[in-house]
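The values are calculated or read from the model by the stated rules, or taken from the named source; none is laboratory data. What you are looking at is a predicted structure, and each value in this text was computed from that prediction instead of being measured. Ideal geometry is used to build each Cβ from the backbone, glycine not excepted, and the neighbour counts take in all protein chains shown. Note: accessible area is taken over every heavy atom of the protein model, side chains too, but ligands, DNA and RNA are not part of it. Shrake-Rupley method; radii C 1.70, N 1.55, O 1.52, S 1.80 Å.
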Amino acid sequence: MKRILLTIIMATVVLAGCGTEGDTQSQNNTDVRAASEAGSNTYVFDMTVGDFTEAFNAVAKKYKLDYLHISELKEDSNMFQYKFNDNLSMTGTIDSTHKIHEVMLIGSGGFQEKTGGNLMIAIVALVMTTNSDYSYDDAEDVIRDTGLLDNNADLQDFEGATVRNRVKYRIKIKNNDMTTFGIIGAK
């Protein structure tokens, strides 16, 4: 199982090399911060749902990940949702001004080769979206810091987290079938 996960990581390294360093995101798309300047430490993103969609799509485009393109996030009161495919979806919470509070990727199928690869790449893309100045290596370090890549990590049932720049990244795998990766502001 670890060998499959490492193969997935290596595949994402190859994909990361497919992007061009010259690609830039507009200033509106890259205005992602670890916390709101207003002093609230619960906001990961200082962006609206529309800004988030543009930023996430810019990362997907840069690395030629067409299957991760978000056409439109569906908003319903204080939540948004998007379904990439039958095995991968995204959900999040928003406030009354439509600023994002939390985002979670939900993957089914565990870390088998195809579903696991898509999930791992989506996790890397989401980390890079929340941190516009992060490189692929920085995003991989976040995943490594959760303990997911440790030799003794049980990929059947795993739970790990890390905090960076007042942002908490948490991954949970249950019965090697359901995986969640969440990002929220840390206090």
>> Spelling out what I want: for every residue of the stretch 92-107, take phi, set θ = phi - 60°, compute 6.51 cos²θ - 1.76 cosθ + 1.60 (Karplus), and round to whole Hz; glycine and proline get x.
In response: x, 10, 9, 9, 5, 8, 6, 7, 7, 9, 8, 9, 9, 8, 10, x
> What is the gain in length, in nm to one decimal, between Asp66 and Asp157 on full extension, counting 0.36 nm per residue of separation less the C-alpha to C-alpha distance?
Replying inline: 29.8 nm
> For the residue pair Asp141 and Arg170, what label-to-label distance in nm results when each label sits 7 Å from Cα along the Cα-to-beta-carbon direction?
Replying inline: 2.4 nm
> Based only on the alpha carbon positions, what is the Kirkwood hydrodynamic radius of the stretch 90-167, in angstrom?
Replying inline: 13.9 Å
> How many nm is it between the label spots at Glu75 and Thr48, if each spot is 7 Å from the Cα in line with the beta carbon?
Replying inline: 0.7 nm
> By accessible area of protein heavy atoms, probe 1.4 Å, what ranking do Ile70, Ile106 get, highest first?
Replying inline: Ile106, Ile70
> For the stretch 45-106 and the stretch 152-170, what is the separation of their Cα centres, given in Å?
Replying inline: 21 Å
> With each pseudo-label sitting 7 Å past Cα toward Cβ, what's the Asn85-Asp177 distance in nm, one decimal?
Replying inline: 2.0 nm
> Per residue, how much accessible area does the stretch 37-187 show when a 1.4 Å probe rolls over the protein heavy atoms, in square angstrom?
Replying inline: 47 Å²
